[in-house]
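In what follows, a single structure is set out as structure tokens and then discussed.
The values are calculated or read from the model by the stated rules, or taken from the named source; none is laboratory data. Quick caveat, the model's predicted, so the values are computed rather than measured. Methodologically, a virtual Cβ is constructed for each residue, glycine included, from the backbone with ideal geometry; neighbour enumeration extends over all protein chains shown.
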Amino acid sequence: MSNHLARYRRAWRVAYASENGKLLASTLSLTNTDLEEFAYSTNSSRVAEDVLRALEYENSAARPKITNKAGLEVWTEVYVAFWKVAQALERHDEVEWGVVFAGMKDLTQAVIRGFQNSGWEVWQLEVLYTACKYLRYVAIRADEAKRAAGEDTWKQLEEAARIINRAFNVCLNDRAELGQSRKWGTYNIINLLFKTYFKLNAITLSKNILKALVANTTEMPDLLDFRTSDVVTFKYYCGVIAFLDEDYFKAEEHLDMAYRLCHKAAQKNKELILTYLIPTKLLTRRQLPTAALLKPYPSLEALFLPLAKCIKAGNIREYDEHLAKGEDWFVKKRIFLTLERGRDITLRNLFRKVYLAAGESRTRIPVDHFRAAVSWKSGVDVEAEEVECFLANMMYKGYVKGYISRERGMVVLSGSNAFPGTGV
Amino acid sequence: MAAPPWRTTGGTAVQRPGFHSVTIKKTLGSNIAVASNRTASQTPTQASRRTQFPDALKAYVARTFEDCPTETKAEVEVALKKIITEAFENESVWTIDWATYPLPSAARRPAPDSDKMDISSGDEAIPVSNKFHKVGNGNNKRKLGSRNQSDHAVPDREANLRPDKRSKKQNNSSDYSYEGPDAFKRLDRKYKKHQSKNVFSQYNAMHSALDSPGFAPIVGKATKLEKRYLRLTSAPDPETVRPLPVLEKTLELLKSKWKAENNYSYICDQFKSLRQDLTVQHIKNEFTINVYEIHARIALEKGDLGEYNQCQSQLANLYSDGILGGHPHEFKAYRILYLLHTCNRSNMNDILASLTSAEKQDRAILHALAVRGAVASGNFHRFFRLYLDAPNMGGYLMDSFIDRERLAALATICKSYRPEIAFRHITEELGFENDSECEAFFVKQNFSDFVKTKDTNDDSKGKTVLETQRAYATIEAAKSAAFKRVDIKGQI
């Protein structure tokens with residue numbers, strides 16, 4: 001940290017003087033354009049000394065903010081680690097991500113120590129966020145580099161997850177009074193953990209986090225008192241976790257809240273939320289997205305709108321076709337198996353049309369009429385037994401009220417409310 | 001002179017095909033030409049010894065290149081070669097304290113002029129670098145250094161005058177501000193995935209070649225074809241491990257014994273020891289796949305899903321390692337059916353995501369996917385047709401959940417058919433071979449009470465029916481119990 005890095009040094013000093021967490025954290029951002037300069041400003045044998053001297057100088061400038069030696073030492077560890085990261089990133093033609101990751105790990109651990117042992121305060125939480133955020137990014141790059149070399153591993157990301165988990169505990173278990181509590185950092189870190197666990201495909205670990213959170217819920221500030229951006233992300237992940245657990249009612253609750261709180265300009269986030277909210281509402285309320293809702297999201301519109309139209313029209317074949325067309329994306333998003341259940345609703349709507357078309361005699365309809373409808377709309381000749389099977393399923397699931405009389409080849413439908421929830 | 005740890009603990013070199021010293025010598029030769037020329041006549045022991053780098057030396061080399069200006073890299077390399085060669089020559093390579101050993105002078109980057117402005121009296125606290133501090137100061141000035149001075153001089157001075165007041169404005173305009181949502185994208189762009197190699201990465205390649213594990217698999221010496229399975233608790237003894245040619249004969253023997261005797265506990269035990277011998281010898285080839293496939297099929301036939309699943313997961317690894325041979329499609333189809341058995345929707349999603357278009361053309365996989373679709377939509381009519389028409393050994397796998405699906409179908413039937421349903425129809429719809437098989441199922445499930453034979457006067461006399469309304473509650477309970485065992489969630 002030589003003198004021409006005055007901007008780094010000044011940012012650190014000013015941040016401390018004005019308790020500006022964002023400014024403080026920004027000195028540890030990998031996107032800083034000063035990074036290369038910083039990397040070349042010293043070398044591994046003298047970096048610790050350089051950093052410490054610079055910090056001592058800045059700290060003594062006006063009113064020293066850090067009064068004990070250990071306090072400066074933690075910061076020295078942080079910046080030495082940061083220098084290692086910068087050095088590994090900037091001073092080689094080919095970045096060795098494993099080395100970058102090792103540095104980022106030291107950095108994050110030093111930051112965690114800062115909170116645990118050196119009395120870092122709430123306003124400094126931004127530093128923790130930044131450290132964890134880049135730790136995760138760098139770990140992914142390091143693993144990708146290994147994977148590109150043919151090694152099937154997420155070891156480094158797993159290690160990052162463990163460190164971020166420690167950061168989570170440092171926040172969650174702080175006993176200081178609420179105004180000064182690190183508990184305010186909990187949701188930001190949780191969201192990073194969720195992201196990491198999802199990437200690792202270790203969703204059960206996310207559930208463990210939620211359990212730990214529930215156990216501490218009485219001492220936690222109200223969720224809505226947290227930064228809205230953190231709340232939205234948190235609710236989104238809770239929703240997706242419930243969705244994957246097939247707890248669709250809970251999923252709907254979480255995702256609804258995320259959607260309502262989401263900033264209106266955060267198009268991408270709203271799109272992510274809707275990706276899960278639409279299949280959820282299809283199952284919980286048999287509710288279809290309108291064209292107006294989908295309009296701002298062309299990719300969602302292209303996939304969901306045709307499905308919605310087919311469901312409404314009872315068009316089985318086209319429903320299957322559109323589902324197959326979007327299959328790759330649906331599967332990737334893990335909504336395919338849920339959307340597949342929309343076929344039931346498509347069938348229900350088709351049967352309902354048969355019922356309505358039957359006019360006066362609609363409480364007793366030959367199975368054959370339904371068979372004709374299904375054959376027509378699915379484009380293949382369907383056996384009577386299979387249509388009976390469809391009808392039986394509808395009745396079993398409560399979509400249709402009535403029974404099948406196999407002796408007479410008749411479907412006997414309830415005089416009132418034969419298709420619950422559809423007005424007939 | 002301390003021997004490096006891996007030399008004292010390592011096994012015999014004889015047992016290690018592809019011993020590393022060969023490749024290392026090459027790398028070393030190109031990198032440190034002087035060294036290899038001079039030592040070419042030395043004894044092999046010394047030659048292999050000199051391929052070992054102490055960790056401290058590796059770190060030393062790294063440090064050398066760390067601060068090395070591009071212009072002087074060649075110079076540094078020569079100096080470095082000299083130092084290392086000498087160290088090897090006089091055998092001091094293991095005794096030198098590389099951590100404090102002075103770097104080659106050319107490797108030192110001149111300290112920036114501005115360092116003089118650095119406050120504090122800490123200069124004497126920098127041991128090694130001081131010595132080389134001023135070397136090359138005149139000609140090695142980095143471009144970066146000059147850029148710094150011109151680019152940043154003005155803002156720096158301004159900032160130094162009134163830093164605190166400027167800070168807020170800077171906050172929004174400089175790097176020290178909100179990074180924006182695309183920070184990672186910018187990083188992705190900046191540090192692209194593939195960049196050119198340099199001297200340093202060549203060194204790293206050598207470095208990693210040195211580091212790669214020296215573990216070579218053992219080669220067995222046992223000649224007896226059969227062996228009882230015993231879980232290993234220590235390093236395998238080559239005397240009791242059968243080499244590949246023997247194992248090949250073992251497999252033939254086991255195949256014929258299985259045909260002749262059909263003794264599953266014997267066969268399973270023998271296959272496990274066969275698999276173990278393959279594992280400890282790191283044998284991964286078509287034969288390995290063959291062994292696992294045969295064991296998996298036998299386990300399927302005997303309904304031993306635990307053993308089947310072990311083989312299945314090993315096979316998945318072998319296929320994905322790109323080993324040719326075997327029947328990956330057949331086993332992928334089994335995997336889909338197995339996931340249906342365990343009701344594992346999240347893994348099912350993963351496997352659907354992994355299917356290639358070639359796999360989606362395969363008959364067995366198409367069948368498994370059709371089964372999955374039928375189960376998902378409750379289409380029991382289609383499901384039981386597919387059960388009777390399963391390719392390969394899919395039928396055996398479906399056996400593991402066929403009763404559960406029958407209960408589900410029966411529950412649906414009882415809920416929707418009134419007043420009764422012909423027993424004959426159930427036999428046909430639920431994939432039973434004949435009425436008596438269906439009856440046996442009803443007896444096993446304790447549903448016989450709900451089956452009545454009609455003795456009315458019309459022509460349906462003697463017809464056996466299931467009284468759906470009366471049976472519904474019992475069958476529904478049996479269905480729930482059957483699904484509970486695999487913990488199926490979220491039925492809506």
*asked:* Condition check: surrounded by 20 or more Cβ atoms within 10 Å (Cβ to Cβ) and at the interface with chain B (Cβ under 9 Å from one of its Cβ atoms). Does A:TYR16 satisfy that?
replied: no
_Tally, over segment B:256-284, of residues that are surrounded by fewer than 16 Cβ atoms within 10 Å (Cβ to Cβ), closer than 15 Å to B:HIS295 by Cα and of a type in the set (A, V, I, L, M)_ = 0
*Please go through segment A:196-218 and pick out each residue that is touching a residue at least 24 places away in the same chain (Cβ under 8 Å), surrounded by fewer than 18 Cβ atoms within 10 Å (Cβ to Cβ) and of a type outside the set (A, V, I, L, M, F, W, C).*
A:LYS199, A:LYS207, A:ASN216
*For segment A:305-336, which residues satisfy the criterion of being of a type in the set (Lys, Arg) and either part of a helix (DSSP H, G or I) or out of contact with any helix residue (DSSP H, G or I) (no Cβ under 7 Å at 6 or more places or on another chain) (or both)?*
A:LYS309, A:LYS312, A:ARG317, A:LYS325, A:LYS332
*With A:ALA251, A:ALA302 as the choices, which residue is in a helix (DSSP H, G or I), within 10 Å of chain B (Cβ to nearest Cβ) and out of contact with any strand residue (DSSP E or B) (no Cβ under 8 Å at 6 or more places or on another chain)?*
A:ALA251
*B:GLY303 fails exactly one of the following numbered conditions: (1) within 28 Å of B:PHE432 (Cα to Cα); (2) within 14 Å of chain A (Cβ to nearest Cβ); (3) surrounded by fewer than 16 Cβ atoms within 10 Å (Cβ to Cβ). What is the number of that condition?*
(2)
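Considering only segment A:177-196, state which residues are of a type outside the set (A, V, I, L, M, F, W, C) and either away from chain B (no Cβ under 13 Å) or farther than 17 Å from A:LEU272 by Cβ (or both).
A:GLU177, A:GLY179, A:GLN180, A:SER181, A:ARG182, A:LYS183, A:GLY185, A:THR186, A:TYR187, A:ASN188, A:ASN191, A:THR196
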*asked:* Going by what's in this entry, would A:ALA145 be described as touching a Leu at 6+ places or on another chain (Cβ under 8 Å), within 14 Å of chain B (Cβ to nearest Cβ) and in a helix (DSSP H, G or I)?
replied: no
*Could you check how many residues of segment A:367-385 are facing another protein chain (nearest Cβ under 8 Å) and over 18 Å from B:GLU420 (Cβ atoms)?*
1
*Taking segment A:386-399 only, how many residues are more than 7 Å from chain B (Cβ to nearest Cβ) and in contact with a strand residue (DSSP E or B) (Cβ under 7 Å, 6 or more places away or on another chain)?*
1
*State whether one or more residues within segment A:74-86 are modelled with pLDDT under 90 and within 13 Å of chain B (Cβ to nearest Cβ).*
no
*Specify which of the listed residues (A:VAL354, A:VAL380, A:VAL400, A:VAL411) is under 44 Å from the mean Cα position of the chain (by Cα) and buried (at least 22 other Cβ atoms within 10 Å of the Cβ).*
A:VAL400
*Quick one: which of A:LEU305, A:LEU282, A:LEU255 is more than 25 Å from A:ILE209 (Cβ to Cβ) and surrounded by 19 or more Cβ atoms within 10 Å (Cβ to Cβ)?*
A:LEU282
_It is to be established whether one or more residues within segment A:376-384 are closer than 14 Å to B:SER416 by Cβ, assigned to a helix (DSSP H, G or I), touching a Leu at 6+ places or on another chain (Cβ under 8 Å) and not assigned by TED's automatic domain parsing to the domain that holds A:LEU307._
no
*Please state which of the following conditions A:SER361 fails to meet, knowing it meets all the rest: (1) touching a residue at least 24 places away in the same chain (Cβ under 8 Å); (2) surrounded by fewer than 20 Cβ atoms within 10 Å (Cβ to Cβ); (3) within 16 Å of A:ILE404 (Cα to Cα).*
(1)
*asked:* Scan segment A:31-43 and tell me whether some residue there is under 33 Å from the mean Cα position of the chain (by Cα) and aliphatic (A, V, I, L, M).
replied: yes
_Which numbered condition in (1) more than 14 Å from chain B (Cβ to nearest Cβ); (2) touching a helix residue (DSSP H, G or I) at 6+ places or on another chain (Cβ under 7 Å) is the only one that A:TYR403 fails?_
(1)
*Any idea which of (1) surrounded by fewer than 19 Cβ atoms within 10 Å (Cβ to Cβ); (2) more than 8 Å from chain A (Cβ to nearest Cβ) is the one B:ALA376 doesn't satisfy?*
(2)
*Could you tell me whether A:CYS262 is over 26 Å from A:LEU350 (Cα atoms), surrounded by 22 or more Cβ atoms within 10 Å (Cβ to Cβ) and either touching an Asp or Glu at 6+ places or on another chain (Cβ under 9 Å) or free of Cβ contacts under 8 Å to residues at least 60 places away in the same chain (or both)?*
yes
*Within segment B:304-339, tally of residues that are under 20 Å from the mean Cα position of the chain (by Cα) and of a type in the set (Asp, Glu)*: 1
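How many residues does segment A:156-173 hold that are over 20 Å from A:LYS133 (Cβ atoms) and either assigned to a helix (DSSP H, G or I) or charged (D, E, K, R) (or both)?
0
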_Count of residues meeting criterion [in a helix (DSSP H, G or I) and surrounded by fewer than 19 Cβ atoms within 10 Å (Cβ to Cβ)] in segment B:352-368_ = 7
*Just name the residue that is modelled with the lowest pLDDT out of those in segment A:1-13 that are more than 7 Å from chain B (Cβ to nearest Cβ) and closer than 24 Å to B:PHE65 by Cβ.*
A:MET1
*Out of all the residues in segment B:310-330, is one or more touching a helix residue (DSSP H, G or I) at 6+ places or on another chain (Cβ under 9 Å), among the aromatic types (Phe, Trp, Tyr), assigned to a helix (DSSP H, G or I) and buried (at least 22 other Cβ atoms within 10 Å of the Cβ)?*
no
*State which residue is surrounded by the fewest Cβ atoms within 10 Å (Cβ to Cβ) when the search covers only segment A:23-60 and only residues that are at the interface with another protein chain (Cβ under 7 Å from one of its Cβ atoms) and within 21 Å of A:VAL122 (Cα to Cα).*
A:SER29
*Within segment A:332-351, restricting attention to residues that are surrounded by fewer than 20 Cβ atoms within 10 Å (Cβ to Cβ) and farther than 13 Å from A:LEU282 by Cβ, which residue is nearest to the other protein chains (Cβ to nearest Cβ)?*
A:LYS332
